[in-house]
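Novice: Once you've had a glance at the structure underneath, I'll fire off some questions.
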Amino acid sequence: QVQLVESGGGLVQPGASLRLSCVASGLTFSTYNMYWFRQAPGKEREFVAAISLNNMSTYYRDAVKGRFTISRNNAANTVNLQMNSLKPEDTAVYFCAAHRRFVVPKVDPDYWGQGTQVTVSS
C-alpha cells in the first residue's frame, strides 16, 4: 500500500519560511518523479513544483520561482519543499504526489498524499 505523508504546515506571518516534508512508503521511491500541488479555498488544485527521480531536473510554477525550492533524498524516501518569503496568496493545503513520468506542469499523478495546511496571515 502506497502512502505519502506530508508534514510541516502551519500558520506563519507574511515573509516567513516553512519547510514541508513528504515521506513515501510502499513504492520504490527512486523510480518516481515527485510533485507538490496546492489547493486554496474555493479554487482548483494547482501544480507548484516538481523534481525528477534522479534529482537532475526541477520545475516550478511562475508564482513561486525564486521563493520555493524542491529537493529529495532517495535514501530517506523524502521530498521537501522549502518555502521562503511566504505571501498570503500561498495559503492552501499542500499535497505531495508521485508519478512515473516527469510531466510538467500538467500531470495526473499516480499517488497523492493527504495534504498539510499552510496559512500565511498577519
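Novice: Dipole of the chain (Lys/Arg Cβ +1, Asp/Glu Cβ -1, origin at the Cα centre): which of Gly66, Gly113, Phe95 lies farthest to the positive side?
Specialist: Going by the Cα projections, it comes out as Gly66.
Novice: Please identify every one of the trypsin sites (Lys or Arg not before Pro) in the range 24-94 that sits in a loop by DSSP and has no more than 12 other beta carbons within 10 Å of its own beta carbon.
Specialist: Lys43, Lys65
Novice: Along the charge dipole of the range 1-95, Cβ charges K/R +1 and D/E -1, which of Val48, Leu86, Leu4 sits furthest on the positive end?
Specialist: Leu86
Novice: Can you give me the solvent accessible area of Met56 with a 1.4 Å probe, rounded to the nearest 10 Å²?
Specialist: Using a 1.4 Å probe on the heavy atoms, I get roughly 150 Å².
Novice: Counting only other residues whose beta carbon sits under 13 Å from that of Arg45, what net charge do I get with K and R as +1, D and E as -1?
Specialist: Net of charged neighbours comes to +1.
Novice: Under the Karplus relation 6.51 cos²θ - 1.76 cosθ + 1.60, θ = phi - 60°, what is the ordered set of whole-Hz ³J(HN,Hα) values for the range 53-63, x standing for Gly and Pro?
Specialist: 5, 9, 6, 7, 10, 10, 8, 10, 6, 4, 5
Novice: Do any GluC sites (Glu not before Pro) in the range 5-104 lie in a DSSP loop with no more than 16 other beta carbon atoms within 10 Å, and if so, which?
Specialist: Hits after loop and neighbour filter: Glu44.
Novice: I'd like to check one number: the per residue accessible area of the chain, probe 1.4 Å, reported in Å² as a whole number.
Specialist: Ligands and nucleic acids excluded, the result is 51 Å² per residue.
Novice: Using the alpha carbons of the chain, what is the convex hull volume per residue in cubic angstrom, as a whole number?
Specialist: Dividing the Cα hull volume of the chain by its residues yields 91 Å³.
Novice: Ignoring ligands, DNA and RNA, please state the percent of accessible area on the range 62-122 from carbon and sulfur, probe 1.4 Å.
Specialist: Taking all protein chains in place, the range 62-122 shows 45 percent carbon and sulfur surface.
Novice: When a/c reaches 1.5 or more, the comparison of a/b and b/c decides; with that in mind, is the range 19-85 rounded, prolate or oblate per its Cα gyration tensor?
Specialist: prolate
Novice: Charges only on Cβ, +1 for Lys and Arg, -1 for Asp and Glu: so what's the dipole of the chain about the Cα centre, in debye to the nearest 20?
Specialist: 200
Novice: Using modelled backbone amide H atoms (1.01 Å from N, in-plane), which distant-in-sequence or interchain residues come within less than 5 Å of Ala16's amide H?
Specialist: Amide H neighbours of Ala16, under 5 Å, 5+ apart: Leu86.
The values are calculated or read from the model by the stated rules, or taken from the named source; none is laboratory data. Small disclaimer: the values here were computed from a predicted structure and weren't measured. With ideal geometry, Cβ positions are generated from the backbone for all residues, glycine too; neighbour counts draw on all protein chains shown. Each accessible area value is taken on the protein alone, full model and side chains, heavy atoms only, with ligands, DNA and RNA left out. Shrake-Rupley method; radii C 1.70, N 1.55, O 1.52, S 1.80 Å.
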